[in-house]
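Working notes, beginning with the structure itself.
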Amino acid sequence: MAQEFLDEATEAAKVLRILSHPERLMVLCQLREGERNVSNLLENSALSQSAFSQHLTVLRQAGLVATRKSSQSVFYRIDDPRVENLINAIQVAWCGDKGVASPGDGA
């Protein structure tokens, strides 16, 4: 029981560490509204494409997002419902009603 609790806490800490970077958090907030391609995600960042790509790699390697390639475009989506729950809670706590939309409602 204690080991299971420790394992869960360790996993949660890893995810929270990844979420602690503003750029990655902004990406996940955007993806909460639905799948987006890299160009759309990059529009809200001041980073170079190379630096931004490194943050997407961190999210992908951690299993927080998944990709789909269509022609020349790569689309990202949240791939872990626990992460979506965390992003919802963060948006409610820091953004209030602005920016909080139900998935798929187009907001």
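The values are calculated or read from the model by the stated rules, or taken from the named source; none is laboratory data. Computed from a predicted structure; not experimentally measured. Heads up, the Cβs are rebuilt from the backbone with ideal geometry, glycines too, and the neighbour counts pull from every protein chain shown. Heavy atoms of the whole protein, side chains included, go into the accessibility calculation; ligands, DNA and RNA do not. Shrake-Rupley method; radii C 1.70, N 1.55, O 1.52, S 1.80 Å.
Observations on the structure shown:
- In Å², nearest 10: area of Leu25 left accessible to a 1.4 Å probe: 40 Å²
- Computed from the C-alpha gyration tensor, the three semi-axes of the ellipsoid equivalent to the stretch 10-64 are 19, 12, 10 Å, from longest to shortest.
- In the chain, the inverse of the mean reciprocal separation of distinct Cα atoms equals 14.6 Å; this is its Kirkwood hydrodynamic radius.
- Per residue, the accessible area of the chain comes to 64 Å², computed with a 1.4 Å probe over protein heavy atoms only.
- Nearest-ten-degree value, helix 22-32 long axis tilted from longest Cα axis of the chain: 80 degrees
- Sorted from longest to shortest, the spans of the Cα atoms of the stretch 46-99 along the three principal axes equal 36, 26, 20 Å.
- Taking every C-alpha pair closer than 8 Å and separated by at least 6 residues, the mean separation divided by the residue count of the chain gives a relative contact order of 28 percent.
- The C-alpha atoms of the chain define a longest principal axis, and helix 49-61 lies at about 40 degrees to it.
- Percent accessible area from carbon and sulfur atoms, the stretch 8-63, protein chains only, probe 1.4 Å: 50 percent
- With Cα atoms, 0 to 90° folded angle of helix 81-95 axis to the chain main axis: 80 degrees
- Net charge dipole, the stretch 28-103: roughly 160 debye, given to the nearest 20, about the Cα centre with Cβ charges of +1 for Lys and Arg and -1 for Asp and Glu.
- Take the Cα of Glu4, step 7 Å toward its Cβ, do the same at Thr57, and the gap between the two points is 3.7 nm.
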